[in-house]
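Everything below concerns the one structure shown next.
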Amino acid sequence: MIVFRCVADMDTNDRNKKRLILGLSGFIIVMVIIAAAPGIFFLGEIVKPEGDNPRSAEENTSATSEIRIGFPERTVVVASSRYKTMPAGDPDYVCDGVDDQIEIRQALDSLAGEGGTVLLTDGTFNCSGILRPHAETTLRGSGSGGTLLNFSNDGRIQVEAESVTIGDFSMKGMGYSSSAMWYSLILIRASNTTVRNVTGTADHTVQAVFQILGGDTGVYRREIRNVTFRNCSALYPRCGGFYLTAWGNDHKTIRNVTFIDCQAIGCAREEPRFGEYDVGFDFAELNDIENLTVIRCRAEECLESGFHFEYDRVKKNCVLIDCVSTNNGRKPYPQDRSIQYFGAGYYAPEGDVTFINCTSEANSQYGFFSTDGGKLYGCVDRSCGDGASGAGIRPTSFYGVSTDSPGATLVLEDCRSVESRGYALWIDDATYVRVDNFTMTGTGGIDDVGAVFGGAFGGCQYCSVGINASECKPSTILYIEDARDSLVTGRFVTDSPHALTVSGSKTSGLEIRGVTIVSNTLPRGSTGIAIHQSVPDGAVTIEGCRVLPADKVVGALLWGIATQIASCVQGVLP
């Protein structure tokens, strides 16, 4: 013990010196205690957001900075009835395999107002009721291969408090009642939620495996923000995979949602299923969505779309990067046209949705369905329409019909269609659409047409399209109808005399510039461009277009390569 004695008759200067000594001594004592026992206190950390750039959003899972200061969190261990591995020490609660939600609830409630972690051991937890984590708590298992939550009797995890983390287990749900059918196994109704390393499946009695539910119903009744799913999977459920929606009239916008390395496989592929429109990822059902980032996610063999946004919802700053959508749209094309059919790898009409280096393969009707506000960079569709069934289906790799909202535009840069069973590209009823360096290879076509620019829906105005085409089966590679004040460029390897066909009485101000047709059979002086008699005189300007023999093109290419090599050698030699 350190004792300080004060002298009553000391002068003022001495008193001030003594006060300074006392203060410094107290500070030194506190710092010594902290240094000697770092496990008792921690001073905290400042967590800063990475910013609003969606391309760097993998680490940007929080929209606000926060300062965390306090005591180390507490961990409460709940053991399954047949656990094999136990963390250090005895479990705080032990389940008996029946109504295991009781013990888990007790563990969660023990952390109310305090925060901490409920750790589930390996084994199966049979839960016939709802688990509601408190604010600032974590509910986690011992790994998705070790801990299983088996939900029945409307059981689920329902997040109604902020700053909750869920992860490291697998789950299965079945037998939901009509009062719970519109929910999911993990139901998020509050902000600042993280779900990581969770694998789930469900039967046909519930709407989805994972869900964010906004709106003005329930306990939270505020706008939901800052939700992250990382390494989560919906595997062969008889329902949807990941589902965002909102109920009521207020708080319908969900903001700052991130998906990283998640997958939806085989959603509603088999009967019985929840509904006829179940998809892999539904980002905007009855909600609006803002600041959505989806990185390296995968949708495969789902009943309807792989990645989906509903038509009439507001979508702002939504970015999908390096995603893969394969073999979706498994239901037959309906003969009753009143039944809506999507069948898309990516379905994103009317919204600020950007796709970067995304891949679509063997989806039934569309690879990429993107209209007003859509931007696609370096995206690839392969084998669109492969495996599709039902008369009337018209597969299209890149579909942009009805792209005419004021101020919005559709942009495709460096995108490719490979062996589409139908169209490679379909742009119609469109204004201010820009297609740069689009490549179509091995296109099968529909009605002997490989790609459509304009057409029966109203044509195109103030648009530009640049196409490189080869090995395409249709004799008309690009069909242009009712294009106004627009530009067409490109290079086409074909022997067809009408590789480009222009039609439509509304055509005006169309410029076809610098188009090269590579062919060994077309006569010199021809262009490979056919103008239909319906086109008004003077409506089309053809400039700098030509037919080149294939061998001449190859020779020019080799000469160009040789010239470049010679230039490099000359620059190296003294």
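To keep it simple, each residue is scored yes or no on (1) assigned to a loop (DSSP other than H, G, I, E, B); (2) touching a residue at least 40 places away in the same chain (Cβ under 8 Å).
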| site | (1), (2) |
| --- | --- |
| T293 | no, yes |
| A299 | no, yes |
| L303 | yes, no |
| R313 | yes, no |
| K316 | no, no |
| V319 | no, yes |
| N328 | yes, yes |
| Q340 | yes, yes |
| Y347 | no, yes |
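Residues are listed down the side, and each one gets a yes or a no for (1) under 19 Å from L244 (Cα atoms); (2) within 15 Å of the chain's Cα centre (by Cα); (3) among the polar types (S, T, N, Q):
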residue: C318; (1), (2), (3): yes, yes, no
residue: K331; (1), (2), (3): no, no, no
residue: Q335; (1), (2), (3): no, no, yes
residue: S338; (1), (2), (3): no, no, yes
residue: D352; (1), (2), (3): yes, yes, no
residue: S360; (1), (2), (3): no, yes, yes
residue: N363; (1), (2), (3): no, no, yes
residue: Y366; (1), (2), (3): no, no, no
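For segment 222-245, a residue qualifies if it is without any contact (Cβ under 8 Å) to a residue 60 or more places away in the chain and β-branched (V, I, T), and the qualifying residues are I224, V227, T245.
Taking the condition small (G, A, S), surrounded by fewer than 16 Cβ atoms within 10 Å (Cβ to Cβ) and within 37 Å of the chain's Cα centre (by Cα), does S526 pass?
Numbers: small (G, A, S): yes; surrounded by fewer than 16 Cβ atoms within 10 Å (Cβ to Cβ): yes; within 37 Å of the chain's Cα centre (by Cα): no.
So S526 fails the test.
Taken over segment 483-503, the residue count meeting the criterion of being surrounded by 22 or more Cβ atoms within 10 Å (Cβ to Cβ) and part of a loop (DSSP other than H, G, I, E, B) is 3.
For segment 212-219, does any single residue satisfy the condition of being touching a His at 6+ places or on another chain (Cβ under 7 Å), without any contact (Cβ under 8 Å) to a residue 60 or more places away in the chain, assigned to a loop (DSSP other than H, G, I, E, B) and surrounded by fewer than 18 Cβ atoms within 10 Å (Cβ to Cβ)?
Within segment 212-219, one or more residues are touching a His at 6+ places or on another chain (Cβ under 7 Å), without any contact (Cβ under 8 Å) to a residue 60 or more places away in the chain, assigned to a loop (DSSP other than H, G, I, E, B) and surrounded by fewer than 18 Cβ atoms within 10 Å (Cβ to Cβ).
Only residues that are more than 24 Å from K84 (Cβ to Cβ), over 28 Å from the mean Cα position of the chain (by Cα) and assigned to a loop (DSSP other than H, G, I, E, B) were counted across segment 114-144, and they come to 4.
What are the residues in segment 220-267 that are surrounded by fewer than 19 Cβ atoms within 10 Å (Cβ to Cβ), part of a strand (DSSP E or B) and within 15 Å of the chain's Cα centre (by Cα), if any? Correct list: R230 only. Taking strands (runs of 3 or more DSSP E) as the structural unit, no element lying wholly within segment 352-409 holds at least 3 residues that are surrounded by fewer than 24 Cβ atoms within 10 Å (Cβ to Cβ). The residue of segment 311-331 that is modelled with the lowest pLDDT, among those that are of a type in the set (D, E, K, R) and crowded, with 20+ Cβ neighbours inside 10 Å, is K331.
The values are calculated or read from the model by the stated rules, or taken from the named source; none is laboratory data. Because the structure is a prediction, the values reported are computed rather than measured. Positions of Cβ are backbone-derived with ideal geometry, glycine not excepted, and every protein chain shown enters the neighbour counts.
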